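Have a look at the structure below, then the notes.
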Amino acid sequence: MLMLGRDVLFPADILTGTYRAESGAASPDDWVRHQVGILSSAHGETRSNTQQGQKRQKQLYDLRLNFTKFEPGDVVYVLDSSSKIRQSKNLPPPWKCPYLVLFADPPLYRLDTRKRKIVVHHDRIKRCLDREFPLWLKRRRHIFLGLEDDVGTTEKPIGYQELGVQVVILARKRKIVVHHVRIKRCLDREFPLWLKRRRHIFLGLGDDVGTTEKPIGYQELGVQVVIIAAMD
């Protein structure tokens with residue numbers, strides 16, 4: 001009706017005799033006016049139905065709406081919808097590291113991501129409830145809010161603020177970064193001597209841990225580790 005100004009004629013209508021030929025058009029001008037009237041009526045009815053449908057959809061959307069208002073200076077997470085080739089979306093964290101809200105114009109927010117500024121929709125951010133923030137974020141937030149720049153000098157390990165759910169582990173020979181799904185708590189009653197000493201030094205308990213070393217190869221099993229940093 002919207003395209004032709006009349007109902008579409010199907011072969012079945014001719015076979016069953018349900019089609020009735022139009023008549024009464026005395027001249028081409030009359031036929032044009034008739035078609036214009038039909039199209040105007042069809043478009044008007046369509047607009048009315050579309051508006052009613054949009055109103056109904058808005059009411060259903062508002063019922064489930066959970067709008068959180070963010071202010072400049074708040075710290076938020078951003079939903080990471082990107083994907084890499086040959087990498088599952090289930091392994092990386094769904095939320096990117098905390099960013100600083102610079103400007104709020106709901107539902108759009110301007111964020112500081114350390115390297116650049118981005119504009120993100122409200123539905124792709126959530127409030128960050130971490131107890132500790134990266135040092136760069138602390139400094140920029142203090143400067144943005146006009147606070148003193150006394151935020152300490154201890155920076156997190158490299159990659160700590162970018163990985164979200166990864167853990168920095170101190171092995172015997174080097175430090176490694178491991179995803180949290182690949183580690184579990186060690187419940188052994190005894191640990192290797194090197195691990196006892198480093199753990200005592202790390203926790204500030206002194207170095208009085210005895211002199212008995214475990215058999216060779218015991219400390220290489222990969223389950224005795226010291227977690228020196230982890231994100232909540």
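The values are calculated or read from the model by the stated rules, or taken from the named source; none is laboratory data. Everything numeric in this text was worked out from a predicted model, so none of it was measured. Please note: Cβ atoms are built from the backbone with ideal geometry, for glycine as well, and neighbour counts cover all protein chains shown.
Which residues, counting only those in region 26-55, are touching a Leu at 6+ places or on another chain (Cβ under 7 Å) and among the hydrophobic types (A, V, I, L, M, F, W, C)? Full working, then the answer.
Going through region 26-55, the residues touching a Leu at 6+ places or on another chain (Cβ under 7 Å) turn out to be 42-43, 46.
Matches in region 26-55: Ala42 only.
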- How do the pairs read when you match residues in region 25-49 that are free of Cβ contacts under 8 Å to residues at least 40 places away in the same chain with residues anywhere that are in a helix (DSSP H, G or I), using Cβ under 7 Å and keeping only pairs 6 or more apart or on different chains? Ala25/Trp31; Ala25/His34
- What are the residue pairs meeting all of these: first residue in region 80-91, first residue in the same structural domain as Val119 (by TED's automatic domain parsing), second residue part of a loop (DSSP other than H, G, I, E, B) and of a type outside the set (Lys, Arg), Cβ atoms under 8 Å, and 6 or more apart or on different chains? Asp80/Pro92; Asp80/Pro93; Asp80/Pro94; Lys89/Ser83
- Message: Residues that are modelled with pLDDT under 90 and part of a helix (DSSP H, G or I): does region 73-93 have at least one?
- Response: no
- Of the listed residues (Arg114, Arg127, Arg139), the one being touching a residue at least 12 places away in the same chain (Cβ under 8 Å), touching a helix residue (DSSP H, G or I) at 6+ places or on another chain (Cβ under 8 Å) and surrounded by 11 or more Cβ atoms within 10 Å (Cβ to Cβ) is Arg114
- Task: Go through the residues of region 97-118 one by one and say whether even a single one is of a type in the set (Lys, Arg), over 30 Å from Arg182 (Cβ atoms) and part of a strand (DSSP E or B).
- Result: yes
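Please tell me if Thr46 is of a type in the set (S, T, N, Q) and either in a loop (DSSP other than H, G, I, E, B) or modelled with pLDDT under 85 (or both). Give the derivation first.
On the way: of a type in the set (S, T, N, Q): yes; either in a loop (DSSP other than H, G, I, E, B) or modelled with pLDDT under 85 (or both): no.
Taking the combined requirement at face value, the residue does not satisfy it.
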